[in-house]
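Only one structure is covered here, and it is reproduced in the block below.
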Amino acid sequence: MSRCRNAYCSFCRKSYRDVGPLVEGPDGVYICGECIELCTSIIHQEIRRRARSSGPDSAAVEPRAVRAKLDQLIAGQEEAKEALVPAASSRGQSQRPALLVGRSPGSRVLLAKALAHVLEVPFAAGVLQSLAPSPGHGGVACPLLYSLMQAADFDAEAAQRGVVYVEGADGQEAQEALLRLWRRPAVEVATNLQMDVQGVWFICGGRFDGLDDVITRLGRHPEQPLSHDVLTAFGAMQEWVLQLGVIARAAPIDEETLARMVAAVDLRRLGSGTAGHPDS
Ligand SMILES: [Zn+2]
């Protein structure tokens, strides 16, 4: 401890008079209380970051463990789980988007939310309008990704491994907006806030009304797993379809599952904040 009146903090250059007692190190190095606090918070942040990056959500997660945890939250949904679990278990630097097709938007968003919960990553959900700036959002350029940052407490590294759900992906406008996002290595989320979206897992959903007719027209079995060419034949943009790593049907959600999800997962964040609720 130095009580020397002319001592300065070697880190912030403030004097003993401004910041009070200084801790003295070797060779005339001093540090003030404010800088100690700042250093402590930086180090804690780094420790948390390292704990996370060596945690189960960063590299490969055991598929059986993911499946078991998902089964605890959501009953049934065989097709969706079989398609999503391998993708969830092998998340890497760049994550190919997934598409969930079905009549019930509730089941699609719940599957996405449950996956984020199982993977212990931040989650946000929104509709087409949440991908682009809209009036009244201040400096927010992409409300959906801004919500994801909020869910990650503005820890960019955590957000960049998060899961987002986008409802209404059967519309061409949404497909175009998503392609614009996926093509960019970094997206401006808000003023002075950029985000690398390569590792964010986009799970898209839509009703795709009339898809069954297309499947019949193509002479496919109605319960055969969905493929890229079926979506293209339906009229989805080919460039968008080719981005998809997972395509699956989501069955309607039953009340028992919903009750379990409400008990286990914080559902308030499903459509909160600026992203808008994926309803209809
Ligand atoms: Zn200082």
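The values are calculated or read from the model by the stated rules, or taken from the named source; none is laboratory data. Because the structure is predicted, anything quoted here is derived from the model rather than measured. Here the Cβ positions follow ideal geometry from the backbone for every residue, glycine too, while neighbour counts run over all protein chains shown.
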ask   = Taking the stretch 203-234 on its own, how many of its residues are assigned to a loop (DSSP other than H, G, I, E, B) and without any contact (Cβ under 8 Å) to a residue 40 or more places away in the chain?
value = 10
remark   = Expected single match for within 16 Å of the ligand (Cβ to nearest atom) and either at pLDDT below 90 or surrounded by 14 or more Cβ atoms within 10 Å (Cβ to Cβ) (or both) among LEU100, LEU84, LEU22 is LEU22
key: VAL66, sole failed condition from (1) over 18 Å from the mean Cα position of the chain (by Cα); (2) surrounded by 12 or more Cβ atoms within 10 Å (Cβ to Cβ); (3) away from the ligand (no atom under 16 Å from the Cβ)   = (1)
ask   = Is the stretch 67-77 home to any residue that is of a type outside the set (Lys, Arg), modelled with pLDDT of 85 or more and within 27 Å of GLU188 (Cα to Cα)?
value = no
query = Quick check: anything in the stretch 36-47 more than 30 Å from GLU157 (Cβ to Cβ) and either of a type in the set (D, E, K, R) or touching a residue at least 24 places away in the same chain (Cβ under 8 Å) (or both)?
reply = no
query = Yes or no: ARG17 within 16 Å of the ligand (Cβ to nearest atom), modelled with pLDDT of 85 or more, surrounded by fewer than 13 Cβ atoms within 10 Å (Cβ to Cβ) and part of a loop (DSSP other than H, G, I, E, B)?
reply = no
remark   = Apart from one, (1) among the hydrophobic types (A, V, I, L, M, F, W, C); (2) under 20 Å from ARG96 (Cβ atoms); (3) modelled with pLDDT of 90 or more all hold for ALA158; the odd one out is (2)
